[in-house]
Every structure is written in C-alpha cells, then in structure tokens.
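First up is the structure itself, then whatever we jot down about it.
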Amino acid sequence: MQSSTQTSTVRFSEKLHHSGIPYSETRLHIEDLLTADADAVTELDSGADIKSGLQQVPKSIPPRYFYDDRGSELFEQICQLPEYYPTRTEASILQHCAIEIARQTGSCELVELGSGSSTKTRFLLDAYTHLGYSLCYVPIDVSGSILTSTARELLTEYPLLHVRGVIATYEQALSQLSPTEFPARAICFLGSTLGNLNPDECDRFFSYITGTLQSEEYFLLGVDLQKPTPILEAAYNDREGVTAEFNLNMLRHLNHRFGGHFNLTQFEHFAIYNEQLCQIEMYLRSLRSQSVVLEKLNLTVEFAEGETILTEISRKFDLTQIQEYLQVRGLKCLDVWTDPDRWFGVLLCQKL
C-alpha cells in the first residue's frame, strides 16, 4: 500500500512525463549555492585560509582544498584500495542494517553531506524502495560534476526517486535547506568524514546539524573506530600511491586556483598515526629549501628542507565516548551497528 505522499509523488511525475518533458528531468533539481551566493564565493576565493595556514608554524592547508574535480575522482579511487578498509567496512554494515534504518525513519527526505558517488547510499535507497516508502534524496557536495552525474544515474536506477542536489559546503547547504514536505528528515554523514574535524570544528558542525533538524528527526553517522597502528597507517600510505597523488593534487589545485608555483616533484606525501590524540595526520613534506609564490594571493612562502604542511587529520573514535558526546548535543542514539572486528560504527540518532 502506498502512502498519500508516495501516491502524489507518482502522479506528479507521470503528469509531467505526459507533458513531453523527459521523465528523469521532472525528478531532478540541482542548486548551485557556491556560485549563487556572492558572499560565499568571495570568502571561498579570497584564499584567506590559505594565507593563514601557510604563514603559521607549523604550516597547514584546510582539507577542503582536496576536492576539486580531480581530487574527488582520486578519493573515489582511494575508496576501492585494498588497504583502505573504511569504505568496504561501512558498506558491509549498511548492507545489513539499511532495512532497519528505513523502518525506524519511515518515509523521509534523505539529506547526505559529502555525497560523492552515493555508492553506499544505494543500500539505503534500496531499503526504502523495498519497504514502499516514498523518498526525496538531497545530495550535498562541493563537486558539481560528480553530484550531477551521480544524480542522473540514480534517477535511472530508482524510477520513483526525486533528487534535489545542492552544490555547496555543508554550512551553506544546512543553513539554507527549506522545510521538508516529507514526514521527517534524515541527515546522513557517512564515510568517517567526522574524523576530519578537530574538536572545535566538530562542535560547530553539530550546532548546524541540531539547528537544521526538528525534534524527533534523524541523523545517521559513520565513524572510524580505534584500532592497531599498522592497520591505520597502511590505509593512508597505500602501495599504489593513490593517496599520495590525492594529497599532492591539493598543491595542483592551489596552483590553478591562486596562481601558485608549487613544483609537485619537490614535495612528498606521508601519513602517521598519532596514538596520543588517536588521529591519523597526513602531511606534505618539502624535499628541499624553496620559495613558492601564489600570485593571486600576493604571497611568497618559504620552506626549509624537510618542513611539513599538515593537510588532514582523521580522528578515530571510541564508540561509547561518541555516543555520550552526541547525547550531550541533543542527539539520542537509537541504534548502533558495527562490523565483527569493530573497526567501524554506524549510529542512528534522533534529535531530542
């Protein structure tokens, strides 16, 4: 039996289909907030965070500069590497728990932060479809090309699905989401991306999440759990060198965006696990003393031989502690799923 929402969705799609508009186009809407918001564009293109990061000691670059189109493609390749366990482990968990997640949330608007190719999300879409629930999927990503191509694939795979893609940062998209027409909204943050935020950034992120959700709406979170150092370091120093290329591509991105003169052959990638802070730290290391100019920022950066740039952290969580953290921030854990080795956790929460 279809819900009233599902019935109206089907009729709306069929009506537009018979009007001569291509069927998939009636179910697809993509909004580009990165270029539509002049203030946001100015802030993103100003390079202020690059200036600040490269002039401090030690040097750093915000990880958002990984994700130009090439960086997004490389990250998809990383997810397929044998050493990189998070993607396949989380996927196996979702494959087993997706039906239960769908049952608990019911018909909803599914919002995904950092959607990428939406590979793991398909387990959820399959579950909602199997249970006969109507669904609107709202992927949010900074890469417009991947978001658009993936959305079109999903419309072909799921004939009743509606997609409202948003090309934006998390903060932009969450602050501008319109009220949902569905009985509930569920925000998904999969792929262990939470670990890329330091504690202060994590606190700010959850203020956006709880500010967006209404009482009793849902938040689905994937977190990478603490485990032996050799397993962690191998995942970020793969033998094929894809992670190294991904890391170095950040410099190529800065060259293109800010008129930089980074010579990629004069830097190398390395990643270590900081056992005290329970986090992977990924760096680029200068292979010689050098000066690098970024013309559009009117900036010259001096590097000593062996000097590093921190490009990413990836925190590894304790399952009990993260549940306590979420509870304090108004998100009650309804259910928790892990793999047999307890390498990864998926948590379904509800706003109090």
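The values are calculated or read from the model by the stated rules, or taken from the named source; none is laboratory data. The structure presented is a predicted model; accordingly, all values stated were derived computationally and were not measured. We place every Cβ from the backbone using ideal geometry, glycine too, and count neighbours over all the protein chains shown. Keep in mind that these areas ignore ligands, DNA and RNA; they rest on the heavy atoms of the full protein, side chains included. Shrake-Rupley method; radii C 1.70, N 1.55, O 1.52, S 1.80 Å.
Give the cross-link partners of K332 among the lysines, using a straight C-alpha distance below 19 Å as the criterion and excluding same-chain residues fewer than 8 apart.
Counting by Cα, and skipping residues close in sequence, K332 has these lysines nearby: K351.
Given the chain, what percent of its DSSP beta bridges are antiparallel, to the nearest 5? Intermediate results must be reported in sequence, preceding the final value.
Values: 35 of 61 bridges.
Restricted to the chain, the bridges split so that about 55 percent are antiparallel.
Work through the residues other than I280 whose Cβ is under 12 Å from its Cβ and net out their charges, Lys, Arg +1 and Asp, Glu -1.
-2
Ranked from the most accessible area to the least, with a 1.4 Å probe and all protein chains present, what is the order of V142, V242?
Working: V142 60, V242 15 Å².
Highest to lowest solvent-accessible surface, that is V142, V242.
If you average the sequence gap of Cα pairs under 8 Å that are 6 or more apart and divide by the length of the range 116-232, what percent do you get for the contact order? Walk me through the intermediate numbers first.
Working: 109 pairs, mean separation 26.3, N = 117.
Relative contact order of the range 116-232: 22 percent.
Once R0 is set to 51 Å, what does the formula 1/(1 + (r/R0)^6) return for the Cβ-Cβ distance between R88 and S52, expressed as a FRET efficiency to the nearest 0.05?
0.90
Against the longest alpha carbon principal axis of the chain, how many degrees, from 0 to 90 and to the nearest 10, is the axis of helix 199-212 turned?
In the chain, helix 199-212 runs at an angle near 20 degrees to the longest axis.
Treat each spin label as a single point 7 Å out from the Cα along the C-beta direction, and report the K227 to D335 distance in nm.
Result: 2.3 nm between the two label points.
Through the Karplus equation 6.51 cos²θ - 1.76 cosθ + 1.60, θ set to phi - 60°, convert the phi angles of the range 231-245 into ³J(HN,Hα) values in whole Hz; use x for Gly and Pro.
Coupling constants for the range 231-245: 5, 5, 5, 5, 5, 10, 9, 5, 5, 7, x, 5, 5, 4, 5 Hz.
Give the residue from I93, I140, L220 lying farthest towards the positive end of the charge dipole for the range 84-230; charges sit on Cβ (+1 for Lys and Arg, -1 for Asp and Glu) and the dipole is referred to the Cα centre.
Final value for the positive-end residue is I93.
Which net charge results when you count Lys and Arg as +1 and Asp and Glu as -1 among the other residues whose beta-carbon is under 14 Å from that of N255?
+2
Hey, what angle do you get for helix 144-157 against the long axis of the chain, alpha-carbon based, 0 to 90 degrees rounded to 10?
Helix 144-157 sits roughly 30 degrees off the main axis of the chain.
Nothing charged except the Cβ atoms of Lys and Arg (+1) and of Asp and Glu (-1): what's the magnitude of the dipole of the chain about its Cα centre? Round to the nearest 20 debye. Could you put the intermediate results ahead of the total?
On the way: 28 positive and 47 negative charges, 94 e Å.
In total the dipole reaches around 460 debye.
Can you give me the solvent accessible area of W337 with a 1.4 Å probe, rounded to the nearest 10 Å²?
Roughly 50 Å² of W337 is accessible to a 1.4 Å probe.
Just from its helices, what would the mean residue ellipticity at 222 nm be for the chain, if runs of 4 or more DSSP H residues each count -39500 (n - 2.57) and the sum is divided by every residue, rounded to the nearest 500 deg cm²/dmol?
Helices in the chain give a 222 nm mean residue ellipticity of -12500 deg cm²/dmol.
Using only Cα atoms, locate the centre of the range 194-230 and the centre of the range 234-277, then give the distance between them in Å, rounded to an integer.
25 Å
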